[in-house]
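Beneath this line is the structure, given in structure tokens, with notes to follow.
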Amino acid sequence: MTDKTFADSCIDRNARYAATFDKGDLPAPPARKAAVVACMDARLDTARLLGLEEGDAHVIRNAGGVVTDDVLRSLLISQRLLGTREIVLVQHTGCGMMTFRDDGIKDAIETETGLRPPFALEAFADLEKNVLQSIRRIEACPFIPLKDSIRGFVYEVETGRLREVT
């Protein structure tokens, strides 16, 4: 007998979820007209910490919750095609992106593989400054039409609280 993989247990849990699923008629545009950009850290349950239900908001996640070109692409689609009006950024204390520098990791990968990653890893040293930089990146993007409601927050993994960065 083999141990179940993570994917196997996901299939089992999905079968239980689907057995009582009743939200197949939700429209694609988010009901709360909001998009959230958040870190992919497993300690962040964005739905629970923001009080979201299925269909409420677009949630875009990546390492650090940083605003990259791909995040801007998703926000463009979210606003222009699916009617979102607000953007909420959620980064957090204890983020792994604060534990390294891009060049150090890129150097190590290049030594190991012979190839240097061509993309920015987006490591950062100051959490609040990074939230503000993410806001500025959205504000500077000519493809994002609505910029009057962008707010950034730090989620404190120690307390479960959000703290606004202004």
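Using Cα positions and a limit of under 19 Å, work out the aspartates and glutamates in reach of Lys106, with same-chain residues fewer than 8 apart set aside.
Glu122
Helices from the chain with mean Kyte-Doolittle at least 1.6 and a Cα length along the axis of 27 Å or more, per DSSP H: which?
Taking the DSSP H segments of the chain (at least 27 Å long, mean hydropathy at least 1.6), we get none.
What net charge is computed for the residues neighbouring Asp148, neighbours being all others with C-beta under 14 Å from the C-beta of Asp148, Lys and Arg scored +1, Asp and Glu -1?
Result for the local shell: +2.
Anyone know which of Gly64, Gly96, Gly104 comes out most mobile in the 10 Å Cα GNM of the chain?
Per the Cα network of the chain with a 10 Å cutoff, Gly104 tops the list.
Helix-derived [θ] at 222 nm for the chain: sum -39500 (n - 2.57) over DSSP H runs of at least 4, divide by residue count, nearest 500?
Estimated from H runs of four or more residues: -11000 deg cm²/dmol.
For Ile60, what residues show an amide H to amide H distance below 5 Å, using hydrogens built from the backbone and excluding near sequence neighbours?
Val36, Val37, Ala38
Counting Lys +1, Arg +1, Asp -1, Glu -1, what net charge surrounds Leu72 among other residues with beta carbon under 15 Å of its beta carbon?
Local charge sum for Leu72: +2.
What is the distance in Å between the Cα centroid of the stretch 11-31 and that of the stretch 125-166?
If we compute the Cα centre of each part, the gap is 30 Å.
Put a dot 7 Å past each Cα toward the Cβ at Glu110 and Lys147; how far apart are the dots in nm?
3.4 nm
Taking the alpha-carbon distance from Lys147 and a cut-off under 22 Å, which lysines remain once sequence neighbours fewer than 8 residues away in the same chain are dropped?
Straight-line reach from Lys147, under 22 Å: Lys33, Lys129.
If we count every other residue with Cβ under 14 angstrom of Thr5's Cβ, Lys/Arg +1 and Asp/Glu -1, where does the sum land?
My count for the surroundings of Thr5 gives -1.
Taking a ≥ b ≥ c as the square roots of the Cα gyration tensor eigenvalues, with a/c under 1.5 meaning rounded and otherwise prolate when a/b beats b/c, else oblate, which class fits the stretch 75-135?
In terms of gyration-tensor shape, oblate.
Every number in this text was worked out from the coordinates using simple rules, so none of it is lab data. Computed from a predicted model, the values in this text were never measured in an experiment. Quick reminder, even Gly has a Cβ in these numbers, built from the backbone with ideal geometry, and neighbours come from all protein chains shown.
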